[in-house]
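What follows is one structure encoded as structure tokens, with my remarks underneath.
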Amino acid sequence: MKNRIVLLITGCFTLFLISCLGSDEYNYEPSYDCQVLTFSLSSDSIEGLDDVVFTIDQINGLIFNIDSMPYGTIIDEKVICNMTVASSVAACQVIQEALGTDTISWNLTDSLDFTKPVTFINTLWNGTTTKQYKAWINIHQVVPDSMSWSLYAQNIGGETFKQEKVVVSESNGNEYYYMYAEPASGGSYQLYTSPVANGRNWTKQSLSGLPASGLVLNQLTVYEDQMYVATAAGVLYQSADGLSWSQVSGAPVVKTILGALHISNDYTATGRQQSALSAIIEQNGSLLFASMNKTMTWTTGVSVYAGFPVSGFGSVGYNSMFRDRLLVVAGRDQQNELLNMSWSTDDGCKWALLTDFDAEPFEKQEGVAVTEYDDQLFMISGINASNIASSAIYLSIDGGISWAESDTLVVMPPNFTARGFASVYVDDQDYMYLFGGKEKTGSNVLNQIWRGQINRLGFNK
């Protein structure tokens, strides 16, 4: 009786198993038994090959290293290939592209030529079921620390501009470029916008509320989701959407907008850092430092120091020693003298000289483009006292205290026209963009956008 019960249960289980194997949900794929389980390469003469980790893509039949080997690595000889396969694999064949199209038997350990991809063909014990894998070695094709530049877009709006400024602001949850321009032929200011995600497509927008002339466009600044720009006469204008502008009532005479101090964690408690729009104002014939907070309350500081830039400077917000700061570099002072110094503030009103007056970190100039990039400050040179532009790049690893000209890896390309007064922006993909710029202080804008990236910053994007 017990034997009959056992036979009945066994028979039911067999029927259940056959049913499962015959269903779509549990369809058995014999090729699973042809899989490559582990894969590695080694060579006594190719440095680092033994440490390379290979990914096995079972679905697409691919074997490759996600982290590329260093630039300049040369695979010029056969290398030892160690591979394990499923126990049901009866034979393995290879096609070495470097040697032609012949298919040869392989014993899972012999050296192979990986100067070009190698195809592995695993055959199951039944002699008919096979699975192929294509394997190769990824090697960086560019110098990781070099910076690659290209002309990204040009002739925006189809016009020639006298001056231009590009800022980035958010609209409906997306970031947009706002390009403000003054036509060289005269007429009212123009605005072109483009999604930051695609800076090649620009749309002309309607502007209202701005004066017909007199704006200091290169000082247009975004602060607390508002845009601010002043006229040469000191009238301050504000816009919430970049399209409709109005004069700021109760504002002092703003002669210079130095930039915005953006606080990553804006505290309101007494003594903590707060955001600020930093400016130079005119009061009773004197120039004074001043700042405006997000409630549009102004604080006035001391008289502007001798040797402090009031025009033509580059500015950038950055973080140093757990404090958010605003930096201004180069430019012209009250006596219209060119400068080559850096100044910094952590409240928008009180400024400190970072560079030594006697030091010459770079040539005296105006119209520099400054940004934070690759955990340091970048300064792309502007226009010197001879009205000649430079494309030299200076780097600072200490927040603007010292500057050193970049070596041959991080430089502008030979086909780049040197310029000053360009707008600069770094996106979340670590691309640096240069908008416009002038070859000379009195020339029209170069209607171009250049894009650059240090190669290694794009390897894992």
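The values are calculated or read from the model by the stated rules, or taken from the named source; none is laboratory data. Keep in mind the model is a prediction, meaning the values are calculated, not measured. Positions of Cβ are generated from backbone atoms using ideal geometry, with glycine treated the same way; all protein chains shown enter the neighbour counts.
Summary table
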| read-out | value |
| --- | --- |
| Pick from the stretch 382-400, criterion surrounded by fewer than 17 Cβ atoms within 10 Å (Cβ to Cβ) and of a type in the set (Val, Ile, Thr), ranking: nearest to residue 442 (Cα to Cα) | 388 |
| Neighbours by Cβ (under 7 Å, 6+ apart or cross-chain): first from the stretch 275-289, touching a residue at least 40 places away in the same chain (Cβ under 8 Å); second in a strand (DSSP E or B) and of a type in the set (D, E, K, R) | 281/255; 282/255; 287/255 |
| Identity of the residue in the stretch 198-225, part of a strand (DSSP E or B) and of a type in the set (Ser, Thr, Tyr), that ends up nearest to residue 332 (Cα to Cα) | 221 |
| Condition broken by residue 263, with the remaining ones in (1) at pLDDT 95 or above; (2) in contact with an Asp or Glu (Cβ under 9 Å, 6 or more places away or on another chain) satisfied | (1) |
| Subset tally (residues that are aromatic (Phe, Trp, Tyr) and either closer than 23 Å to residue 279 by Cβ or modelled with pLDDT of 95 or more (or both)) for the stretch 337-361 | 2 |
| Selection from the stretch 192-233 of residues that are in contact with a Ser or Thr (Cβ under 8 Å, 6 or more places away or on another chain) and of a type in the set (A, V, I, L, M, F, W, C) | 202, 207, 210, 212, 215, 216, 222, 227, 229, 230 |
| Count - residues of the stretch 363-381 that are part of a loop (DSSP other than H, G, I, E, B) and either crowded, with 23+ Cβ neighbours inside 10 Å or in contact with a helix residue (DSSP H, G or I) (Cβ under 8 Å, 6 or more places away or on another chain) (or both) | 4 |
| Some residue of the stretch 423-439 being over 20 Å from residue 310 (Cβ atoms), assigned to a strand (DSSP E or B) and over 17 Å from the mean Cα position of the chain (by Cα) | no |
| The stretch 148-176 residues that are assigned by TED's automatic domain parsing to the domain that holds residue 436, paired with ones that are of a type in the set (Asp, Glu) and surrounded by 16 or more Cβ atoms within 10 Å (Cβ to Cβ) (beta carbon under 8 Å, 6 or more apart) | 161/182; 162/182; 163/182; 164/182 |
| Subset tally (residues that are outside any loop (DSSP other than H, G, I, E, B) and aliphatic (A, V, I, L, M)) for the stretch 279-327 | 11 |
